[in-house]
Amino acid sequence: IQHVIHRHPLSLSFIEEGSTIARCKGCERKLSGPTYGCEPCRFFIHKSCLDEHKAEVQCFFHPCPLTISISYFDECLVCFKHITSNFSYKCKLSCWFQTHVECALKPMVEYSDEECTIQHFTHLHPLKLVDSNQKDEVICSICEELCSSSPSNSTYGCMECKFFLHKSCMKSIPRQLINYRIHPCTLIFNITSPYYHFECDCCGERIDFRMFSCRACNFDLHVKCAIFPTIDNEDAKEIKHFCHPHTLALVENDEEYGSEPRCVACAEICLAPTPTFRCSRSCNHFFLHQSCGVKLPYKTYKIKHPSHPKHPLTITSLPYNDHIRTCDVCFRGIDSTLLADSCRESECKFNLHLDCYNVLLSIMFSGHQHLLTLLEKTPDLSCHLCGVNCCNFVLRCVSCDINMHLQCLPSAPKTIKHKSHLHPLTLTNSPFEYELNSNEENDEFYCDVCEQKRNQRELIYYCAECKFIAEVKCVILEVSIFL
């Protein structure tokens, strides 16, 4: 037979009593009678021990099916006691959920009207209605608000374990979240051991063993972060967003804006009637357009960037203080009221503007060990090869803090072919003397590839026969082949 308790097929045989020293994986007694076994793995189990338990069950405390398994002294995630028996049930879908056989099969009544008792899947023991006088001292384990702050909301609790829930929170918490915008996979409600610590991939704070998880992606969320409406919910007055640790409230009164508040994502002024959310606590500078919040790239909460391959970066609001941070790609200052891509490792202090995350291109130059990143809109940086200012177009190595003109690289091609033009293009200064001598701010010079304004003092790729001009950044893929 093929059974969930073992990865290989098991063969049935009859073993005479006293004819073997091998022991049953189920009862640990010497093998005798009808026995299933896998010879290569030395895995044997009495047929009676295997038939004693159902191969698969559905437990009240976990949304996924559970399958029978051999226990290895793990912890039961229903009662939090060690599993000392030989059998246990574990999650069929690899949620790390494991429980005693008796806890998995425990019969449950979800609601008992006679005793004002509710059995809820978030806790082993039945929860009883809490007296209104006791609500001043207890906090809801889901929303983490003081239970007395909602006088009209009933509270149920387990006094033995000091576990309490608003009745509204009981109703709002699902066993799993499907097609949730914050993460593409199904998120399962999980209870983990209180001895293990997890970090919420939304707010970054520690999780106290009740959470929504995707084990395949190693992605975990506070329950309160998971069940709050997201920013694309048009009717929500309060939301949680991954870029800020506090709840955000919809601005409904012009007076709440204050003096020219700016959106932390786009830096534009927030004004009615554009839907805008602000921090509901003490972060007076934090405003976020609803449209900007939707556009922020969640991907997974932690993102990789070629300029900082050691650690993932997180979109977050920087600490609001007088310390001026610098973008490690473009070298411009980062306003502490704006969002940034930041490394959470304390020794790194690596930050990026949101705009600088989407760099034009990263290339490997044969004479340098690190990736070089093609950047625009830089302050005046000097080329480490020729000493001349790089103006607004530079190849930068963030790791070594060096900057180079592309044309200064020895391997930079003097002539290229590009799909936008029939003839070869040659690397040169502008061939037009009036461009080179122009100091007029209103003069505009254009690239024939992107049809956008260009800096007339940057080198170009040029066709003299057709007077066709291409900025280096517009033909960089052709150029990078030679580097």
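The values are calculated or read from the model by the stated rules, or taken from the named source; none is laboratory data. All values reported here derive from a predicted model rather than from experimental measurement. A quick note on method: Cβ atoms are made from the backbone with ideal geometry, for glycine too, and the neighbour counts reach across all protein chains shown. Just so you know, the surface numbers come from the protein's heavy atoms only, side chains and all, with ligands and any DNA or RNA stripped out. Shrake-Rupley method; radii C 1.70, N 1.55, O 1.52, S 1.80 Å.
Among the protein heavy atoms of region 2-52, carbon and sulfur supply 49% of the accessible surface, probe 1.4 Å, non-protein parts ignored.
Protein heavy-atom accessible surface, 1.4 Å probe, per residue over region 415-481: 62 Å². Bridgeable lysines around Lys167 (alpha carbons under 20 Å apart, same-chain partners fewer than 8 residues away excluded): Lys128, Lys135, Lys224.
Taking a Cβ cut-off of under 15 Å around Tyr196, the surrounding Lys, Arg, Asp and Glu residues balance to a net charge of -2, with basic ones at +1 and acidic ones at -1. Electrostatic tally near Pro65: other residues with Cβ closer than 12 Å to its Cβ, Lys and Arg +1, Asp and Glu -1, net +2. Taking all protein chains into account, the per residue accessible area for region 234-299 stands at 53 Å² (1.4 Å probe).
Here the accessible area of region 176-229 is 52 percent carbon and sulfur, with a 1.4 angstrom probe and all protein chains present. Ranked by the mean number of other Cβ atoms within 10 Å of their residues, highest first, the peptides 455-462, 168-175 come out as 455-462, 168-175. Backbone amide hydrogens, once placed in the peptide plane, bring Thr276 within less than 5 Å of Val251, Gln290, excluding anything fewer than 5 places away on its chain. Each other residue within a Cβ distance under 15 Å of Lys81 adds +1 if Lys or Arg and -1 if Asp or Glu, for a net charge of -3.
In this simple spin-label model, placing a label point 7 Å from the Cα along the Cα-to-Cβ direction at both Ser94 and Lys128 gives a separation of 4.4 nm. Protein heavy-atom accessible surface, 1.4 Å probe, per residue over region 176-229: 43 Å².
Protein heavy-atom surface of region 56-105, 1.4 angstrom probe: 58% of the accessible area is carbon and sulfur, with nucleic acids and ligands not counted.
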